[in-house]
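Each value in this text was obtained by applying a stated rule to the coordinates, not by laboratory testing. These numbers were taken from a predicted model, which means no experiment stands behind them. No Cβ is skipped: glycine too gets one built from the backbone with ideal geometry, and neighbour counts run over all protein chains shown.
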Amino acid sequence: MPSSVKRVADAPAKPNDLGAHFMPFTAQRQFKGKPRMIVSAKGMYCTSDDGRQILDASAGMWCMNAGHCHPKIVAAIQKQAADLDYAPNFSYGHPVAFQAAARLCAEMPGDIEHVFFSNSGSEAVDTAIKIAIAYQRARGKGTKTRIIGRERGYHGVNIAGISVGGLGYNRKVFSAALMPGVDHIPHTHNLEKQAFSKLQPEWGAHLADELENRILLHDAENIAAVIIEPVAGSTGVLVPPKGYLEKIRAICTKHDILLIFDEVITAWGRLGKATAAEYFNIMPDIITSAKGINGGSVPMGATFIRKGIYDAFMQGGEFGVEFMHGYTYSGHPLACAAALATLDVYKEEKLFENAAKLEKKWSEALHSLKGAPHVIDIRAIGLMGAVELDPGTRNPPHEMSRAMETFDKLFFDEGIMMRFTGNVMAMSPPLIVNESQIDEIVAKLGKTLKTVK
Ligand SMILES: Cc1ncc(COP(=O)(O)O)c(C=O)c1O
């Protein structure tokens, strides 16, 4: 072993000893030159390695809905690790997985009564796609295999997820490996028609009609499911136009196609309800979830399905495996214990209610940035928000984009953790946020934008 590798393995992590980690979705040469390092966290705040308190305006990555290191969630994980660290879930079971499944399903709308566990949003999406295809076959409609996604959709990073996803930069390098049998409908964003809309834009419901055209092209007999995020998150918080989701639901129903809501971001209080399905009052057939399901504390993904879908699998000989799918850590005890504790916290501290109560304040505060330098659109719903910047003449990746510069300055100069995606500053504070913290986030973003050329 080269001596440099041994030294890294033996030594405690040092701020400038960053070589080994091949970082996810990061400009890592830039990062490693000037690291943004978090060493601990509590509630609304993280602590940087130089001891600064950083106000978390993004709930980590849309996941720490109950805030950081909540004592009840920490205690539940610690207890579970001491009692039962792991038990297989293939042909064995452990009680906490069944308890978590029952309690999580109870929060779902309508007849969603079953859940399949995984470890991430990406896996929840791949699981949903496999369930959709297998379900169609199980009910004798084996030609229904195609999946329709949407431009600008983000459904994680696995091959199925990037195939149904609609972000060119995530797909480009893997073009030859994408899943066959996929098509996309248009995204719903139009700056000219919608800029600075409050909550749901008035314009754009007709874009759902494009789904009818896709169905004409491929025939409903060949389509298993449509997958969309009810609010597109990672692409920069695109709020669905009024009437759009209703139309998508109606078209899917008319053509006997499953509707999958990817709620990896929107579930668990982000919009003030357990799900966006409940917020918008639209009933999907499958809901994918992760992140806030256990307050981001232990990796967990979940694919929720309606009763009829589950029932279609429960046929044939009872000694046969009904669904050939699963992960070593599906329903991991620590993740499930964390989910149960997180649900308790959501209820005891009325966190969904807090998010609902703050929606108006959040939206108004963000919209007060209209007129700030470079701002060309503002979008907000629930406790999600986006401020879109004019990219100007910057030339990324050879130069920092305006959004990246804003992100970097917010961290180092203002003590704010935010996300940026393309030209958009994206925000989603923990649901424990209060009004003065909202004001602080918005004031510091406004102040920083004034320093960006
Ligand atoms: C809507 C949606 N689906 C899937 C994913 C992927 O989740 P993960 O990063 O846990 O794989 C994300 C992540 O942000 C997401 O926003």
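Report, ordered by chain and residue number, the aspartates and glutamates lying within cross-link reach of Lys409, taken as a straight Cα distance under 20 Å and ignoring same-chain residues fewer than 8 apart. Partners found: Asp49, Asp50, Asp56, Glu388, Asp390, Glu399, Asp439, Glu440.
Check the straight Cα-Cα distances from Lys193 and name the aspartates and glutamates below 13 Å, setting aside those fewer than 8 residues away within the same chain. Partners within reach: Glu202, Asp377. Between Asn281 and Glu435, the FRET efficiency estimated from the beta carbon spacing at R0 = 25 angstrom works out to 0.35.
Taking the alpha-carbon centroid of each part, what is the distance from the range 373-411 to the range 26-97 in angstrom? When both Cα centres are located, 26 Å separates them. The mean of 1/r over all pairs of different alpha-carbon atoms in the chain, once inverted, gives a Kirkwood hydrodynamic radius of 22.9 Å. For the range 181-245, the list of trypsin sites (Lys or Arg not before Pro) that fall in a loop by DSSP and count at most 10 other C-beta atoms within 10 angstrom is empty. Using DSSP to call loops (not H, G, I, E or B), can you name the GluC sites (Glu not before Pro) in the range 373-453 whose Cβ has at most 12 other Cβ atoms within 10 angstrom? Of the GluC sites (Glu not before Pro), the ones in loops of the range 373-453 whose Cβ has at most 12 other Cβ atoms within 10 Å are Glu399. Which entries of Lys130/Lys198; Lys357/Lys450; Lys72/Lys361 show an alpha-carbon separation above 32 angstrom in the structure shown? Long pairs (Cα-Cα over 32 Å): Lys130/Lys198.
Using only side-chain charges placed at the Cβ, +1 for Lys and Arg and -1 for Asp and Glu, the dipole size of the chain relative to its Cα centre rounds to 860 debye.
Since only Ile227, Ala302, Thr328 are under comparison, the one whose Cα sits farthest along the positive direction of the charge dipole of the range 73-348, derived from C-beta charges on Lys, Arg, Asp and Glu, is Ile227.
Kindly work out what percent of the DSSP beta bridges joining two residues of the chain are antiparallel, to the nearest 5.
65 percent
Rounded to 0.05, the FRET efficiency of the Glu318 and Val173 pair, given R0 = 60 Å and the Cβ-Cβ distance, is 0.85. Each peptide in 298-311, 322-335 was scored by the mean count of other Cβ atoms within 10 Å over its residues; highest first, the order is 298-311, 322-335. If R0 is 35 Å, the Cβ-Cβ spacing of Asp413 and Lys79 corresponds to a FRET efficiency of close to 0.30. When the helices of the chain are scored as -39500 (n - 2.57) per DSSP H run of n ≥ 4 and the total is divided over every residue, the value at 222 nm lands at -10500 deg cm²/dmol. Each Cα pair under 8 Å and six or more residues apart adds its sequence gap; the mean of these over the residue count of the chain is a relative contact order of 21 percent.
Beyond a 32 Å Cα-Cα separation, which of these cross-linked pairs lie in this structure: Lys79/Lys350; Lys79/Lys347; Lys254/Lys370? Long pairs (Cα-Cα over 32 Å): Lys254/Lys370. Hydrophobic long helices, here whole DSSP H runs in the chain with Kyte-Doolittle means of at least 0.0 and Cα atoms spread over 20 Å or more along the helix axis, are found at 121-138, 333-348. As a length-normalised measure over Cα pairs under 8 Å and 6 or more apart, the relative contact order of the range 330-453 settles at 24 percent.
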